[in-house]
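The values are calculated or read from the model by the stated rules, or taken from the named source; none is laboratory data. Computed from a prediction, not measured in an experiment: that's the story for all the values here. Cβ sites come from the backbone with ideal geometry, for glycine too, and all protein chains shown count toward neighbours. Please note that ligands, DNA and RNA were not included when accessible areas were found on the heavy atoms of the full protein model with its side chains. Shrake-Rupley method; radii C 1.70, N 1.55, O 1.52, S 1.80 Å.
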Amino acid sequence: MKGVVKSWKYPSILLFGIGVSNVGAWIYLIALNLIILEMTGSPLAVAALYILKPLATLCTNFWSGSMIDRLNKRNLMVTLDLFRALFIATLPFLSSLWSIYAVVFLINIASSMFEPTSMTYITKLIPVEDRKRFNALRSLIDSGGFLIGPAIAGLLFIIGTPIFAIYINAIALFLSGVVTMLMPNLEKHSQAHFDEKLSFEVVKKDWIVVLNFSRRYAYIMFVYFLFGCVMVMTSAIDSLEVAFAKEVLSLSDSKYGFLVGIAGAGIVIGSIVNTMIAHKSSTSLLIGLGSLFVSGGYIVYAFSNSFLIAAIGFFILSFSLAFANTGFHTFYQNNIPVDMMGRIGSIYGLIEAVLVIIATIIIGLAAQLIAIQYVVIIGTIVMLLISIMLFSFTIQPSKEKLYSTAK
């Protein structure tokens, strides 16, 4: 028992830091939306905030992976947390909309670098046999942030202002950086190639390395890509969520809020169940079946014509997300070389960002030309077909070793 507690000391500290950061991110998002809306009175100005994230990914990910793989991951995570905390703290002092967009863009650049950096560090820290359990716990913490973050934001707006909430998030990120400093420095004795200067030639060489790896391990990267495509479709379909609720289901604001609450409940319940059974479940089934049920939930939602049916669909898809994400992250950590994770995660993240933008534009334009429900149905059918293909790949007996924790 003592050994188990000791072995989970650092993962627990890391999960705490992730939890603090996630709750802070929700507070920041809601507060910033309110600040922009109050400043401009324009929903379009608020919508522009959501364009900045994929735009930052496009501007960053083609080179950031090369840097991530050459730097100390713990120190980079601390630097990115403190960088974001500092810039978020400057937002209340800005009076120009464009200056706010510029700072938010810089914050999003740091965030797009943080994800592949933390994934690499987590893989180095967590032993193979514990990764599935850790990923399940992380899904639970992420789902908790989904509920707790907006709730805390609401309380902060009651006792203060959105600007006060912005400062709280800056403090949360600062705390996350401090907590990360307490983590072990896993690379202090392996600094040999960290001093290599970042240049066009280095980035070009790294793209070729990733391309060659993708060719050599086509099955692994195809599973990665298919899962990414499922997530791309969820993002694109979600962009029509409010319009679907209002125009197709004729829901009031309060009923729509209740529908979102049901999705939140599904995420939390799914994450709790996932935490209890994930370590006993096959990684291949977590990815394959999880993705199938996510798509199935979207199908129910797309064909719904009442609040009840839409709520059932929302619950199914949100309940299943934790299983799919846990399976995918475990598969990724067990099959991607840790010294290439920064480059692979960044480059494939760039591809996903491009696909999200393209799919969202296509679905948005289609919704202007034909009925929203038809567009959502077509989108969910495409997602289901991708999920079926993903499921068929993950259950191949010849690939079972790739999903095993016995490495």
Requested in this report: Net charge near Ser284: determine it from the other residues with C-beta under 11 Å of the C-beta of Ser284, scoring Lys and Arg +1 and Asp and Glu -1.
Outcome: +1
Report summary line: Computed for segment 119-188: size of charge dipole around the Cα centre, +1 on C-beta of each Lys and Arg, -1 on C-beta of each Asp and Glu, debye to nearest 20, value 160
Query raised in the report: Taking the Cβ of Val356 as the center, what net charge do the other residues with Cβ under 12 Å away carry, scoring Lys and Arg +1 and Asp and Glu -1?
Result: -1
Query raised in the report: Of the cross-linked pairs Lys124/Lys401; Lys132/Lys255; Lys53/Lys73, which ones have a Cα-Cα span greater than 26 Å in the structure shown?
Result: Lys132/Lys255
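Charges only on Cβ, +1 for Lys and Arg, -1 for Asp and Glu: so what's the dipole of the chain about the Cα centre, in debye to the nearest 20?
The calculated dipole for the chain is roughly 1120 debye.
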Report task. Express the accessible area of the chain per residue in Å², computed with a 1.4 Å probe while the remaining protein chains stay in the model. Result -> 46
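Which FRET efficiency value, to the nearest 0.05, is calculated for Lys124 and Glu241 with the Förster distance at 45 angstrom and r the Cβ-Cβ distance?
Here the calculated transfer efficiency is 0.75.
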Query raised in the report: Put a dot 7 Å past each Cα toward the Cβ at Leu198 and Met340; how far apart are the dots in nm?
Result: 2.1
Query - Karplus (6.51, -1.76, 1.60) ³J(HN,Hα), θ = phi - 60°, over segment 82-89, in Hz, Gly and Pro reported as x - result: 5, 4, 5, 4, 5, 6, 5, 5
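Restricting to DSSP H runs of at least four residues, report the calculated mean residue ellipticity at 222 nm for the chain, -39500 (n - 2.57) per run over all residues, nearest 500 deg cm²/dmol.
Values: 14 runs with 324 residues, N = 407.
My calculation for the chain gives -28000 deg cm²/dmol from helical runs alone.
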Query raised in the report: What part of the accessible area of the chain, given as a whole %, is carbon or sulfur when the probe is 1.4 angstrom?
Result: 72
**Report entry** segment 81-222 - percent relative contact order, Cα under 8 Å, separation 6 or more
**Finding:** 37
Report summary line: Here segment 159-173 yields Karplus 3J(HN,Hα) values (6.51, -1.76, 1.60; θ = phi - 60°; whole Hz; Gly and Pro given as x) of 8, x, 9, x, 5, 4, 5, 4, 5, 4, 5, 4, 5, 4, 5
Query - Cubic angstrom per residue, convex hull over Cα atoms of segment 195-289 - result: 213
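Please report, in debye to the nearest 20, how large the charge dipole of segment 220-366 is about its Cα centre when each Lys and Arg carries +1 at its beta carbon and each Asp and Glu carries -1 there.
The calculation lands at about 220 debye.
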Query raised in the report: If you find the alpha carbon centre of segment 294-334 and of segment 51-101, how far apart are they in angstrom?
Result: 30
